[in-house]
Structure formats: C-alpha cells, structure tokens
Amino acid sequence: AVSLGMPPLPVVRRKSRQVMVGSVPVGGGSPVSVQSMTTTPTADVNATLQQIAELTAAGCQIVRVAVPSQDDADALPAIAARSQLPVIADIHFQPKYVYAAIDAGCAGVRVNPGNIRKFDDQVGGIARAASAAGVPIRIGVNAGSLDQRLLAKHGKATAAALVESALWECSLFEEHGYRDLKISVKHHDPLVMIAAYRELARRCDYPLHLGVTEAGPSLQGTIKSAVGFGVLLAEGIGDTIRVSLSAPVVEEVKVGAGILESLGLRPRTLEIVSCPSCGRAQVDVYTLTEKVAAAFEGFPVPLRVAVMGCVVNGPGEAREADLGVSSGNGKGQIFVRGEVVRTVPESQIVEALLEEALGREWGAHA
Ligand code: SF4
C-alpha cells in the first residue's frame, strides 16, 4: 500500500520495442524524447539547418522535415549530413521520396497510411531498403487524412478508425518481416487521441509517438498537449512526443520538455515556484517573477526558485525550494533551502538571488 505521506511513485512505462532514430533510442525503456518539425521550405538547406540549430539549442532531440517535392528530396543529403539532430523525412504520397530519404542518410521516415495506400505493392521494396539502412519508419496516422475506406466504415475519424489504420499499415510491413516501426495516431481532440493510444498500447508493442494534431495557437495547443500527453504518459504510454503549436517551433520543444519534467520523466531544469499574487501581495509578483525567470534562464544546474508576494506562504514554499524570496515592506527575505540568509531592498532581489545561486554547490532536490 502507498501512503499519502510517501513521495509519488515514478511512472511505470509500458514495455515497447526499441527503435533507433540515428543515435536516439525510442522505446524499450529509453527516456521519452522530444521532437519537432521545421517550418522552413526543406529545399532551403541553410534556412532549414539554421532552424535545426535553434531547435537543438532548445533541447530538441529529433527533427522532422517535410518532403513534398523533388527539390526537398534533393536537399535531404546536405541536411542529414550537417544536422546536429537525427533527421526524419516526412513523406506523403510518394514512395520515390522514401527511397531518396533513405539514400540521403535520414535517420527515419514518416509515412501516412491514408495517403500511401495506393502504393501498397511497394511496401516490400520500402521495407527492404529501410531494413538494409537500419532506418525506422513511423506509421503516422492523422485524423485529417484518414484512409477513405476507414472513414466510410467508421463514419468519421474515431479512435477505432485511427487504430485500425495504423495496425493495418503495420501488418503490410510485418508481412515483409519489417518491424522497425513507430506509430502515431493523432487527432485534434485529446479525448479521442487518448482513447486511440490506449488501444494501440494494448494491441501492439511498437513504440508510440504522441501528438495532438492541429492543437492550435500557443496557449490552446499547450493545454491540449499537456492534457493528452499528461494522461497517457502518466499511464506509462508514449515513447517520443511532438507538441504541435501554431507558434515558433522552439516553443514546441519547451512545452514538450516541460510536460516531461512535470511528470518526472526528464530531470528538471529551472523551475520557478511563484505565487499567483493576491490582495496581500507587497510586491509586483508578475514583474518580479519575469525578472527572476530571465535572470536564471540557462542556469547550469537544475534549481527550484520560489518567488512569493508576501510573508504568509513565503517561508513555507521557500522551504521546498532551493532558494527563494518572500516580499514585504519594500524588502525581500532571501531564503536558501528554507533558511533566511539575508534581507535586501526590493530593487536588489534578483541580483541577491543570483549571487546566492552562484555562490553555492547545488545537489539534487530533496
Ligand atoms: Fe497572496 Fe502572499 Fe500567497 Fe502570494 S504568497 S498569493 S501574495 S498570500
């Protein structure tokens, strides 16, 4: 029995097969990876590599590029060779681009079964080429481009239809002895997506790529992804994630990393524990929090920093944090691991927190 006084249990991950996307393992108990997709025209090699560099700096681990034309396919060798991240080629319709991506040295390929159906007879060739190159393939089912036959059968893109599409496409590859597969079944509704991934998790052992598709602008997309991924990941379902936002790609990576950190699936970096402010606040909590977050961005070790607007909850929260401040009377009490170490004027709070952070050795959180 687990007592409420005990620390929360870590997530027990679903057992899945492992595939290698370049140097990044996906599934088989490996850490859940964060991926994103470039928004530049893939044929523009320099712009695409620049965006990949930004994604790399933000903590992205796998990057996907769209390959809608021959010009894009022609750019793949240069991108795959110079990218710091494993590159997955995202391919609809055209098997010839799948071969081009494999030949180009891409670390993976995503195919959409809704679109590739008319090329069923080419699955064997693709499987042989991918197998020879050690390249995994993601069966990426998308509610918006579901196979017409399944759409007619199920009436709409239900969870059952998404799962049937994915497993049917997997079976085509399995007929050729190819099992280096990942699966995604994306839907814009987190409830449908949750149901679909749960069913897939029950019916196969392929690693699962989580996504809420067309999630929307930043705030809405973040909420939908956090809800959809959060439920599944807490149940141990999900091996790699992509947050889709109508926002700069680096945002997707930050949200994805934050979701994993919140669930204890990735070591925390910076965590700001700040109060929402209320009528008792004796400082502008929003501005102070923004300044503290900016000052600590990129801090080399994980830290939990508390920013409290008054002394009511300040000491209590600060006890749980590595360091923190609670404000009152134009001053800030600076805490380090629950002890008040100094009191400074409000204008020096950020500087004082940074000094205390830099002047110490920091171990793991309690
Ligand atoms: Fe209000 Fe103080 Fe709590 Fe902030 S810490 S929400 S100011 S009571």
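A few comments on the model shown:
- Candidates are the residues of the range 192-210 that are charged (D, E, K, R) and part of a helix (DSSP H, G or I); the one that is most open to solvent (accessible area, probe 1.4 Å) is 202.
- Residue list for the range 265-276, restricted to those being closer than 26 Å to residue 360 by Cα and away from the ligand (no atom under 16 Å from the Cβ): 266, 267, 268, 269, 270, 271
- Output for the range 141-166, where each listed residue is in contact with a Pro (Cβ under 8 Å, 6 or more places away or on another chain) and not hydrophobic (A, V, I, L, M, F, W, C): 147, 165
- Failed item, numbered, when residue 249 is tested on (1) within 13 Å of the ligand (Cβ to nearest atom); (2) in contact with a Ser or Thr (Cβ under 8 Å, 6 or more places away or on another chain): (1)
Conditions tested, residue by residue: (1) more than 30 Å from residue 232 (Cα to Cα); (2) part of a loop (DSSP other than H, G, I, E, B); (3) within 16 Å of the ligand (Cβ to nearest atom).
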position	(1), (2), (3)
278	yes, yes, yes
281	yes, yes, yes
286	yes, no, yes
289	yes, no, yes
300	yes, yes, no
310	yes, yes, yes
317	no, no, yes
325	yes, no, yes
333	yes, no, yes
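The rows are residues; the columns are (1) surrounded by fewer than 16 Cβ atoms within 10 Å (Cβ to Cβ); (2) basic (Lys, Arg); (3) closer than 29 Å to residue 123 by Cα.
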residue	(1), (2), (3)
25	no, no, yes
28	yes, no, yes
31	no, no, no
42	no, no, yes
55	no, no, no
68	no, no, yes
75	no, no, yes
94	no, no, yes
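- In the range 177-191, residue nearest to residue 129 (Cα to Cα) [restricted to those that are in contact (Cβ under 8 Å) with a residue 60 or more places away in the chain, surrounded by fewer than 24 Cβ atoms within 10 Å (Cβ to Cβ) and in contact with a strand residue (DSSP E or B) (Cβ under 7 Å, 6 or more places away or on another chain)]: 180
- Scanning the range 335-355 for residues that are closer than 14 Å to residue 305 by Cα, part of a helix (DSSP H, G or I) and open to solvent by 20 Å² or more (accessible area, probe 1.4 Å) turns up 350, 351, 354, 355.
- Any hit, the range 141-152, residues being buried (at least 22 other Cβ atoms within 10 Å of the Cβ), within 27 Å of residue 20 (Cα to Cα) and touching a Cys at 6+ places or on another chain (Cβ under 9 Å): no
- Check on residue 262, within 16 Å of the ligand (Cβ to nearest atom), farther than 28 Å from residue 50 by Cα and not aliphatic (A, V, I, L, M): no
The values are calculated or read from the model by the stated rules, or taken from the named source; none is laboratory data. Everything numeric in this text was worked out from a predicted model, so none of it was measured. Neighbour counts run over all protein chains shown; Cβ positions are idealised from the backbone, glycine included. Quick note on the areas: whole protein, heavy atoms, side chains included, nothing else; ligands and nucleic acids left out. Shrake-Rupley method; radii C 1.70, N 1.55, O 1.52, S 1.80 Å.
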